[in-house]
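> Have a look at this one.
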C-alpha cells in the first residue's frame, strides 16, 4: 500500500464507521501481523508485531529471532552483528526483536490484511451498537422504515443499526410504507451473530409513558408522577397520575389547554382513546375514578381473605358504560387499580343484599332497621321486574339499603379475620419495641417526617406495618416520592431495636426478679404472670401474696391483720422497691429464703430462715 492509499482508507473508515482512532489503528496493525505470518508461514509461537506510520504510510514488521553465528532459518534466526544494531549487549543464543519487513507482502498478504481489518471493524461496530442500544431500553427511538410485511417491520436506526417491530407490538390497524418515519420504544436488545437484535414496540404501555413525558413538562420534571398505566393498543388506555407538589392539577397538566397535549399523543397512537384520572390512596375513591366515564353509586372493597375484591354498584343507565365494549372498561380499570372488580346494577346489588340478609341470621340480628325495610325493598324490586318505573326516592332507598348491608358484611369479615389472628400474623416479624418507639427516633429527613406525622404515623411500628401490608399507602401521600421512600426504607433498616426480654426462669428474667421475694418466703406463685400484673406496683403484688397466704392459714384461725401485726418486717422484704434501687446502683442484692410456718406449741406464725449450705433445716427468727 502506498502512502495515499493507507491515508485515504484510514480516513474513510473513521468517517463511515464512527469509531475511535485507536480501535482502527489497532485493527490495521493486527491485520499486518497476521498477513506477515501467512506470507512467510511463521509459527504462532513466534512473537510478531506490526507498526504503521500514518504520516508516511510505511508499515514495519518486527519479529522475535534467535542470535546465531550462521543463519539456517531466516524466519527465526539473525546474525550477531544485526542483533547488536538493535541491542548492543546481545550475545549468541539471546532472543531479540528485529525488523523483518518483507520487501513486498504480495497480493495474498494485502487481501489477508483487508479481511482482518474488515472483521475487526465489524466487531467494534457491533460492540458500540450493543452498548448504545442497551442504554436505550425503555426509551423512544426514531427510524426510517426499510421493509415491512405481515410478520414484522424493519426500521433503520442510528449508528447504522436495524430494529425489528414485530406484528404483535404494532398498534392494530396501522400500516407502514417504506421510507416512513416511525417512533417506537426499545423493548429488548439481544446479541446476535450478525449484530445486535433490537426489538421495538409501539403497543407497550411504556411507549405511552414516554410520549407523556415528552409532551408534558410537569411529568418530565417530576412535578406530576405517573402511578399506573393500563392499555389496550389502538382502542383505549387509562393513566393514573398524581401531583408531588401542592397546588398542581395533575389531570389538567396532562390534558393541556383545550386538550392540545393529549391530542398530540392521541394522534401518534392513531386515535386511541386515553382516560387521565387522578390517583388516590383510598381504594374506594381510586376505583370510582378508574371506572370513569361511568358514574358510580357505591364501591365496597374487601381484602380480608387475601383477595383484593371490589364490588362496584352503578345505576341501570350506567351499567353498559361501566362495563364497556366487550368488558373493556372494567378490564382496564382492574389492571389499573390491581383490584378484582365486580360491577353490578343497583337493582342486582339490592337483590343480592336482600338475599344475604334473609339467609344470614347473624347479619339480620345485627341490622334490625334493614330487616324492617325488607318489604319496601321487595316491592321496589318487583316493580323493576315488571318494567314499571321507580321514583327517585325508591332508587335512593335501594342505594341506602345496599350500602348498609355491604358495609356491615365487610365489617363482619374484617372482625372475623382479626379474631383469627390474620392481621396480627402479618406483623409477627415486626419487633414489639417498634410500636413503642417514637417516629422521630427513626432518623427520617425532616420534610418526610412532617408528612408522615400529619398522616398519623407516630411510631416506627405503625409505619413498618403499613409498609409491609401496602406500601402504596405511604407512597401515595402528597410529597412522598421514590427518593423519600428510599430514605424511609434506609432509615428503618438502620434502626437497632433492643433485644427481646429473656425467657421466664432465666437468671436475668424480670419475672423471676419480681417474684423472688415470694419464692423466698415459700409462697406458691403462678407459672405465668400476665403483662398487666408484671407492670403492677410491688406493694400491690405483696398484698396479693399475703392475701393468698391468709387463705392458706385461714383454717388455723390466723387473719390477715394478725399476720401483719405479728411479723411486719417479713412483708416489708416482699417489696422490690429497695431491691430494684440497689440493682440500679450496682449493689449486689442478697436474697433471703424465709418460710412462714405455724408454730403449734406457741400458737403463732413464725418465719424461719434457710441455711446457706442448703438442706431442709430452718432457723427461727
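> Could we say that residue 357 is in contact with a helix residue (DSSP H, G or I) (Cβ under 8 Å, 6 or more places away or on another chain) and either under 30 Å from residue 281 (Cβ atoms) or surrounded by fewer than 15 Cβ atoms within 10 Å (Cβ to Cβ) (or both) here?
For residue 357, the condition - in contact with a helix residue (DSSP H, G or I) (Cβ under 8 Å, 6 or more places away or on another chain) and either under 30 Å from residue 281 (Cβ atoms) or surrounded by fewer than 15 Cβ atoms within 10 Å (Cβ to Cβ) (or both) - is not met.
> Sort out for me the strands (runs of 3 or more DSSP E) sitting completely within region 219-323 that have 2 or more residues that are in contact with a strand residue (DSSP E or B) (Cβ under 8 Å, 6 or more places away or on another chain), in contact (Cβ under 8 Å) with a residue 24 or more places away in the chain and outside the structural domain of residue 391 (by TED's automatic domain parsing).
224-232, 236-243, 273-278
> Could you tell me which numbered condition residue 462 fails, if it satisfies all but one of (1) part of a helix (DSSP H, G or I); (2) modelled with pLDDT of 85 or more; (3) under 20 Å from the mean Cα position of the chain (by Cα)?
The number of the failed condition is (2).
> Related question: Which condition from (1) touching a helix residue (DSSP H, G or I) at 6+ places or on another chain (Cβ under 8 Å); (2) modelled with pLDDT under 90 is the one that residue 311 breaks?
Every listed condition holds for residue 311 apart from (2).
> Cβ-Cβ distance below 8 Å, separation of 6 or more or different chains: which pairs start in region 465-479 with a residue that is in the same structural domain as residue 451 (by TED's automatic domain parsing) and without any contact (Cβ under 8 Å) to a residue 12 or more places away in the chain and end on one that is surrounded by 17 or more Cβ atoms within 10 Å (Cβ to Cβ) and assigned to a helix (DSSP H, G or I)?
Between residues of region 465-479 that are in the same structural domain as residue 451 (by TED's automatic domain parsing) and without any contact (Cβ under 8 Å) to a residue 12 or more places away in the chain and residues that are surrounded by 17 or more Cβ atoms within 10 Å (Cβ to Cβ) and assigned to a helix (DSSP H, G or I), the close pairs are 466/474.
> Return only the number of the condition from (1) more than 29 Å from residue 28 (Cα to Cα); (2) touching a strand residue (DSSP E or B) at 6+ places or on another chain (Cβ under 6 Å); (3) touching a residue at least 40 places away in the same chain (Cβ under 8 Å) that residue 133 does not satisfy.
Against the list (1) more than 29 Å from residue 28 (Cα to Cα); (2) touching a strand residue (DSSP E or B) at 6+ places or on another chain (Cβ under 6 Å); (3) touching a residue at least 40 places away in the same chain (Cβ under 8 Å), residue 133 comes up short only on (1).
> Moving on to the next point. Give me the pairs, please: first residue somewhere in region 374-401 and touching a residue at least 60 places away in the same chain (Cβ under 8 Å), second residue anywhere and part of a helix (DSSP H, G or I) and buried (at least 17 other Cβ atoms within 10 Å of the Cβ), beta-carbon distance under 7 Å, and either six or more positions apart or on two chains.
395/346; 399/346
> I've got another one for you. Within region 189-218, track down each residue that is closer than 25 Å to residue 290 by Cβ, in contact with a strand residue (DSSP E or B) (Cβ under 7 Å, 6 or more places away or on another chain) and free of Cβ contacts under 8 Å to residues at least 24 places away in the same chain.
Once the filter is applied, which keeps residues that are closer than 25 Å to residue 290 by Cβ, in contact with a strand residue (DSSP E or B) (Cβ under 7 Å, 6 or more places away or on another chain) and free of Cβ contacts under 8 Å to residues at least 24 places away in the same chain, region 189-218 yields only 209.
> Consider residue 390 against the criteria (1) part of a helix (DSSP H, G or I); (2) at pLDDT 85 or above; (3) touching a helix residue (DSSP H, G or I) at 6+ places or on another chain (Cβ under 7 Å): it satisfies all of them except one. Which criterion is unmet?
(1)
The values are calculated or read from the model by the stated rules, or taken from the named source; none is laboratory data. Just so you know, these numbers come straight off a predicted model, no measurement behind them. Don't worry about glycine lacking a Cβ; one is built from the backbone with ideal geometry, like all the others, and counts go over all protein chains shown.
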